[in-house]
Amino acid sequence: MYLKTLINFTVGLALVASQSAIANEISDTFKGKTKLNLNLYVFAADIDGDISKGPISYEVEQPFKETLKELDKSYMAHLDLSKGKWGIYADRQYVKTSQDKQVLHVPLALATKLDQSSYGIYYQAYVSPEQTKDQYAKFIVEPTIGMHHTDASATLGALNHKIQASTDWDEFFWGARFKYNLDSAWNFASEITFGVEDTRSVQAYVGYRIPVFNRHLNIRGGYRYFEQDYTSGDFKWDIKEHGPVVGINLPIF
């Protein structure tokens, strides 16, 4: 009886110690400063694809200079909050355009709105031990998962016949982010994500840090490819956006 009690006590103590060690390891991943960064950017996208509703279909082929001319409203921002190796982020992209043109002498009217928000979480799975002179890790790999919310609408018109269509959907996505810092002010970043509803995004940037009041503003330029292929009933939204991106990273704290 005494031996059985001793064995049970030893096993219980080992389990408690193991759980405590795991809890300490998880707690260690949150050690570090809390950081909040705001990214403001402009996506100079060429847009092409197909938008259709019922009997009316429109083939989109719009370079960025045309998008600028027909732009009604647009804003883009990315907010990133991190502590230790963990981080969460929210990205918002809103673009509304309208145009009137003729195809084979048939007057067409098209208005589109794309309102997309992405919310995600990431973990620094690998942080290189080498650091730059400004104490940035040289190479970082961050797997990420999250949720896209897309609200897309279009007004299609031909021969005085207009059809309005809109839909919204949520989709889970996963991917990875990569960062590389040089000993100088130059830095590189890239990201690739895949959504379960055929949303794909690839982007890569070159950045240059500028010291301002003991903070580093990061001026970035790069390229982004974004693709969505979604069908809901007789409404089809098959759009590709690709082009240069220019932005600035503002460290809040």
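Note on Lys33 and Phe213: the model spin-label points, each 7 Å out from Cα along the C-beta direction, lie 1.5 nm apart. In this structure, the amide hydrogen of Asp198, modeled 1.01 Å from its nitrogen in the peptide plane, lies closer than 5 angstrom to no residue at least 5 positions away or on a different chain. About its Cα centre, segment 32-251 has a charge dipole of approximately 1100 debye under the convention of +1 per Lys or Arg Cβ and -1 per Asp or Glu Cβ, with nothing else charged. Residues Glu59, Glu142 in ascending order of nearby Cβ atoms (within 10 Å, fewest first): Glu59, Glu142.
Cross-linked pairs Lys179/Lys236; Lys31/Lys138; Lys83/Lys133; Lys85/Lys240; Lys35/Lys133: Cα-Cα separations exceed 31 Å for Lys179/Lys236; Lys85/Lys240. Rounded to the nearest 0.05, what FRET efficiency is calculated for Asp229 and Gln164 with R0 set to 25 Å and r the Cβ-Cβ distance? Working from the Cβ atoms, E equals 0.75.
Mind grabbing the base-10 log of I(q)/I(0) for segment 32-251 at q = 0.11, 0.15, 0.16 Å⁻¹? Debye formula, identical points on the C-alpha positions, no solvent, two decimal places. Debye output, listed in q order: -0.60, -0.99, -1.09. Stretching Tyr94 away from Val60 to a fully extended chain increases their span by 10.4 nm, per 0.36 nm per residue minus the current alpha-carbon distance. The simple Förster model, with R0 at 30 Å and r as the Cβ-Cβ distance, assigns Asp115 and Asp183 a FRET efficiency of 0.15.
Annotation for Phe172 and Lys83: the two label points, set 7 Å from Cα along the Cα-Cβ direction, are 2.6 nm apart.
None of the figures in this text is laboratory data; all of them are computed from the coordinates on show. It should be emphasised that the depicted structure is a prediction, and the values quoted were computed from it without experimental measurement. Glycine also receives a Cβ, built like all others from the backbone with ideal geometry; neighbour counts cover every protein chain displayed.
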